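Inspection log for the structure reproduced underneath, given as structure tokens.
The values are calculated or read from the model by the stated rules, or taken from the named source; none is laboratory data. Note that the structure is a prediction, hence the values are computed from the model and not measured. Using ideal geometry, Cβ is built from the backbone for each residue, glycine included, and neighbour counts are taken over all protein chains shown.
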Amino acid sequence: METTMTFEYAPAPESRAIVTIKPKYGHFIGGKFVPGGKHFPTINPATEEVLSQIALGGKADVDAAVKAARKAYANTWSKMSGKERGKYLYRIARIMQERAREFAVLETLDNGKPIRESRDTDIPLAAAHFFYHAGWADKLEYAGLGTSPKPLGVAGQIIPWNFPLLMLAWKVAPALAAGNTVVLKPAESTPLTALLFAEVCQQAELPAGVVNIVTGDGSTGALIVNHPGIDKIAFTGSTEVGKIIARAVAPTNKSVTLELGGKAANIVFDDAPIDETVEGIVNGIFFNQGHVCCAGSRLLLQENVAEEVLHKLKNRMEKIRVGDPMDKNTDVGAINSKEQLAKIIELAAVGDSEGAERWSPACTLPNKGFWFAPTIFTGVTQAHRIAREEIFGPVLSVLTFRTPAEAIEKANNTPFGLSAGIWSEKGSRTLWASQQLRAGVIWANTFNKFDPTSPFGGYKESGWGREGGRHGLSGYLKGVSHE
Ligand code: NAI
Ligand code: MG
């Protein structure tokens with residue numbers, strides 16, 4: 001028998017007093033903040049409050065940043081010993097830890113994600129990436145690329161809004177450890193933690209020009225991608241923009257890594273431990289409002305346990321707390337932007353019109369800001385758009401299967417191949433399934449676990465190259481591979 005208890009939670013708001021947000025920001029170029037020309041607002045998506053005015057980087061700004069990065073590369077950073085570079089990375093990592101609360105509050109205000117997640121996941125993992133890569137800086141000859149691998153030069157890095165500081169860390173830490181300098185552009189809706197990171201670079205006395213941050217939108221990103229003074233492009237974002245970038249760099253000498261979309265299958269076999277599995281399903285799709293490229297957005301249930309799993313999943317979803325991201329009890333926060341909300345609403349409506357059955361728990365959403373209740377669609381088939389396209393929101397599509405072979409067939413029937421999940425108590429089945437699945441990251445009896453030592457990346461339209469671990473480092477080095 002199940003007992004259902006619902007607790008009322010008193011509000012537990014985190015204070016925003018720890019952060020100082022300037023009314024207006026410029027770019028960070030050559031170690032200094034320089035004024036921008038045009039500006040645009042960044043808002044708190046949970047309240048629609050304007051937080052600050054952000055500079056829209058144009059050609060002159062990108063030129064200046066590339067020039068500063070080139071100078072720092074040639075005169076300072078590429079000449080410094082790995083051990084010295086490592087010291088700076090350790091220093092940055094420690095300052096990020098010291099200022100973790102400031103980063104977490106700022107991330108939540110600008111992005112809309114729950115403070116519990118920015119505090120416990122985004123910021124600690126971002127610091128961990130700097131610590132991990134600091135350790136590599138003086139050991140690059142063990143990266144599997146020959147005895148003296150060399151940096152590429154100036155890296156142009158373009159990141160999305162779903163994990164703003166963490167994606168910055170994934171890009172900047174390996175680039176710097178390997179001896180490259182960078183020009184980074186944060187996403188237009190979430191630039192504030194990147195600008196705080198610029199202050200951390202100053203605090204760490206990182207040589208001027210090693211890290212340059214130019215804010216702006218897609219037009220600024222395109223200027224970076226097409227700049228002739230850049231040696232490598234690293235991008236995380238939509239498959240659509242990833243394809244534009246791949247085309248733009250194809251006729252050039254630039255190297256490129258792309259981390260794009262996904263539509264991960266989360267497969268539940270009939271011997272899975274159901275209660276743990278339900279927790280993993282919830283974490284897989286509702287973590288970070290489902291704004292996760294590796295989200296477990298396609299749930300594949302073995303038919304004979306489907307009813308039980310769905311019953312328990314709905315019970316569990318009744319207890320998800322949606323609301324104020326600054327409240328420490330909140331599980332699901334605000335959708336990052338009006339545009340993203342419109343996209344989620346549109347794709348969910350397609351789910352209705354294609355005949356899938358929509359279900360959400362009763363929940364009261366705030367009046368202001370951008371919100372979408374945790375949602376599942378049952379009766380989804382392979383042909384449905386909600387089974388094929390990335391929704392990038394708190395929406396789960398549920399399909400069923402009869403045999404393990406059918407599960408694999410359905411799981412792999414996608415243009416993506418970023419991640420997958422397997423739930424089973426049988427080790428041999430888990431290993432068998434993980435060998436059949438065409439996905440870069442496969443979790444067994446867990447989901448959405450990240451670690452800087454573990455390479456992350458996709459097959460097919462999910463991208464090129466890996467980030468993290470020794471494999472990720474190779475994206476910032478040239479050398480002779482012995483593998
Ligand atoms: P996007 O791909 O447009 O934005 C990501 C970054 O690329 C931002 O910094 C943006 O300014 C920049 N950008 C945009 N156009 C560019 C161009 N032509 N050249 C260079 N840089 C450019 O993603 P968007 O529009 O915010 O989200 C749309 C969809 O993309 C989402 O619904 C989701 O499905 C997917 N997405 C996937 C992400 C992932 O982590 N794989 C992250 C963000 C979005
Ligand atoms: Mg914002």
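Worth pointing out:
- Of the criteria (1) away from ligand 1 (no atom under 16 Å from the Cβ); (2) outside any loop (DSSP other than H, G, I, E, B); (3) over 23 Å from residue 51 (Cα atoms), which one residue 145 fails: (2)
- Test: residue in the stretch 442-457 that is over 14 Å from residue 299 (Cα atoms) and among the basic types (Lys, Arg): yes
- Residues satisfying the stated conditions in the stretch 194-212, i.e. within 16 Å of ligand 2 (Cβ to nearest atom) and under 23 Å from residue 241 (Cα atoms): 194
Residues checked against (1) among the polar types (S, T, N, Q); (2) on the phi > 0 side of the Ramachandran plot:
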{"position": "183", "(1), (2)": "no, no"}
{"position": "191", "(1), (2)": "no, no"}
{"position": "195", "(1), (2)": "no, no"}
{"position": "200", "(1), (2)": "no, no"}
{"position": "205", "(1), (2)": "no, yes"}
{"position": "212", "(1), (2)": "yes, no"}
{"position": "227", "(1), (2)": "no, no"}
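- Filter result for residue 126 (within 16 Å of ligand 1 (Cβ to nearest atom), surrounded by 23 or more Cβ atoms within 10 Å (Cβ to Cβ) and in a helix (DSSP H, G or I)): yes
- Of all residues in the stretch 82-112, exactly one satisfies the criterion of being in contact with an Asp or Glu (Cβ under 7 Å, 6 or more places away or on another chain) and basic (Lys, Arg), namely 83.
- Close pairs (9 angstrom Cβ cut-off, 6 or more residues apart or separate chains): assigned by TED's automatic domain parsing to the domain that holds residue 288 in the stretch 157-179, of a type in the set (Val, Ile, Thr) and surrounded by 24 or more Cβ atoms within 10 Å (Cβ to Cβ) anywhere: none
Let's see how each residue does on (1) over 15 Å from residue 213 (Cβ atoms); (2) at pLDDT 95 or above; (3) in contact with a helix residue (DSSP H, G or I) (Cβ under 8 Å, 6 or more places away or on another chain); (4) crowded, with 20+ Cβ neighbours inside 10 Å:
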| residue | (1), (2), (3), (4) |
| --- | --- |
| 22 | no, yes, no, no |
| 33 | no, yes, yes, no |
| 62 | no, yes, yes, yes |
| 89 | yes, yes, yes, yes |
| 92 | no, yes, yes, yes |
| 97 | yes, yes, yes, no |
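One line per residue, one yes/no per condition, for (1) within 16 Å of ligand 2 (Cβ to nearest atom); (2) touching a Phe, Trp or Tyr at 6+ places or on another chain (Cβ under 7 Å):
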residue: 330; (1), (2): no, no
residue: 341; (1), (2): yes, yes
residue: 356; (1), (2): no, yes
residue: 367; (1), (2): no, no
residue: 376; (1), (2): no, yes
residue: 379; (1), (2): no, no
residue: 386; (1), (2): no, yes
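- Filter result for residue 57 (of a type outside the set (Val, Ile, Thr) and within 16 Å of ligand 1 (Cβ to nearest atom)): yes
- Of 205, 240, all but one fail to be surrounded by fewer than 15 Cβ atoms within 10 Å (Cβ to Cβ), within 14 Å of ligand 1 (Cβ to nearest atom) and farther than 16 Å from residue 66 by Cβ; the exception is 240.
- For the stretch 130-149, residues that are touching a Pro at 6+ places or on another chain (Cβ under 8 Å) and without any contact (Cβ under 8 Å) to a residue 12 or more places away in the chain total 1.
- Identity of the residue in the stretch 243-268, in contact (Cβ under 8 Å) with a residue 60 or more places away in the chain and among the hydroxyl-bearing types (Ser, Thr, Tyr), that ends up nearest to ligand 1 (Cβ to nearest atom): 257
- The single residue among 47, 42, 121, 20 that is under 30 Å from residue 139 (Cβ atoms) and of a type outside the set (D, E, K, R) turns out to be 121.
- Boolean, residue 305 is more than 16 Å from ligand 1 (Cβ to nearest atom) and surrounded by fewer than 23 Cβ atoms within 10 Å (Cβ to Cβ): yes
- Within the set 417, 427, 465, 440, the sole residue that is within 25 Å of the chain's Cα centre (by Cα) and either assigned by TED's automatic domain parsing to the domain that holds residue 124 or surrounded by fewer than 17 Cβ atoms within 10 Å (Cβ to Cβ) (or both) turns out to be 465.
- If the condition is being β-branched (Val, Ile, Thr) and in a strand (DSSP E or B), then the stretch 300-327 contributes only 322.
- Every test in (1) assigned to a helix (DSSP H, G or I); (2) surrounded by fewer than 24 Cβ atoms within 10 Å (Cβ to Cβ); (3) touching an Asp or Glu at 6+ places or on another chain (Cβ under 8 Å) is passed by residue 200 save one, and that test is (3).
- Matching residues, the stretch 259-302, being of a type outside the set (Gly, Ala, Ser) and either within 21 Å of residue 242 (Cα to Cα) or within 16 Å of ligand 2 (Cβ to nearest atom) (or both): 259, 260, 263, 288, 289, 291, 292, 293, 294
- Residue 188 being at pLDDT 95 or above, within 27 Å of residue 94 (Cβ to Cβ) and assigned to a loop (DSSP other than H, G, I, E, B): no
- For the stretch 221-242, taking the residues that are touching a residue at least 60 places away in the same chain (Cβ under 8 Å) and of a type in the set (D, E, K, R), the one that is nearest to residue 418 (Cα to Cα) is identified as 232.
- Scanning the stretch 83-121 for residues that are within 16 Å of ligand 1 (Cβ to nearest atom), in a helix (DSSP H, G or I) and more than 15 Å from residue 200 (Cβ to Cβ) gives 110, 111, 117, 121.
- Close contacts from the stretch 317-339, counting a first residue that is of a type in the set (Val, Ile, Thr) and a second that is within 12 Å of ligand 2 (Cβ to nearest atom), with Cβ to Cβ under 6 Å and a gap of 6+ residues or different chains, come to 335/370.
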